[in-house]
Amino acid sequence: QVQLVESGGGLVQPGGSLRLSCAASGRTNTMGWYRQAPGKQRELVTTITSGGSTNYADSVKGRFTISRDNAKNTVYLQMNSLKPEDTAVYYCNARVATWSGHMDYWGKGTLVTVSV
């Protein structure tokens, strides 16, 4: 079992920045961030492998940056130039390899609100 604890959400004005953190209780493989806006399905924001390869949704490319500190089992999401449409609950995800495949773990989510 891997537990994920997110932090860093809050209220920010359009054009502002926030940094989310997600600390895992153990070693993980690929980690990432997903988000779910009110009335919408959860969607992928970005992922990063243990080797540092990244993937971004088109809607956040050039504005969001994911990074990780493997020694601390922590992943970060730097969000710049935030827009009202970025408002959502952001969930941390971690994938852990198992002998039969992999297991996915989720954090409880942190709310990001972009508004004047």
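Residues Ser21, Ser50, ordered by accessible area of protein heavy atoms at a 1.4 angstrom probe radius and largest first, appear as Ser50, Ser21. With the simple spin-label model, which puts each label point 7 Å out from Cα in the Cβ direction, the Ser115 to His102 separation comes to 3.5 nm.
With 0.36 nm allotted per residue and the present C-alpha distance subtracted, the Leu44-Lys61 stretch has 4.9 nm of extension available. The share of accessible area on the stretch 25-116 that comes from carbon and sulfur is 48 percent, using a 1.4 angstrom probe. Both numbers refer to the Cα atoms of the chain; Rg and Dmax are 13.7, 49 Å.
Give me the accessible area of Ile66, 1.4 Å probe, in Å² rounded to the nearest 10. Per-residue accessible area (Ile66): approximately 10 Å². Solvent-accessible area per residue in the chain equals 56 Å², computed with a 1.4 angstrom probe and all protein chains kept. Across the chain, the mean sequence separation of Cα contacts (distance under 8 Å, 6 or more residues apart), normalised by length, yields a relative contact order of 36 percent.
Label reach from Ser7 (point 7 Å along Cα→C-beta): in the stretch 51-85, amide nitrogens under 18 Å belong to 67-79. When the Cα centres of the stretch 20-34 and the stretch 44-91 are compared, how far apart do they sit, in Å? Centre-to-centre (Cα) distance: 11 Å. Going 7 Å from the Cα of Ser81 toward and past its Cβ, which residues in the stretch 1-20 have a backbone nitrogen under 16 Å from where you end up? Taking a point 7 Å out along Cα→Cβ of Ser81, the residues of the stretch 1-20 whose backbone N falls under 16 Å are 14-18.
The values are calculated or read from the model by the stated rules, or taken from the named source; none is laboratory data. In this text the structure is predicted, and so the values were computed from the model without any measurement. Every residue, glycine among them, receives a Cβ derived from its backbone with ideal geometry; neighbour counts consider all protein chains shown. The protein model used for the area step is the full one, side chains on, heavy atoms only, and it has no ligands, DNA or RNA in it. Shrake-Rupley method; radii C 1.70, N 1.55, O 1.52, S 1.80 Å.
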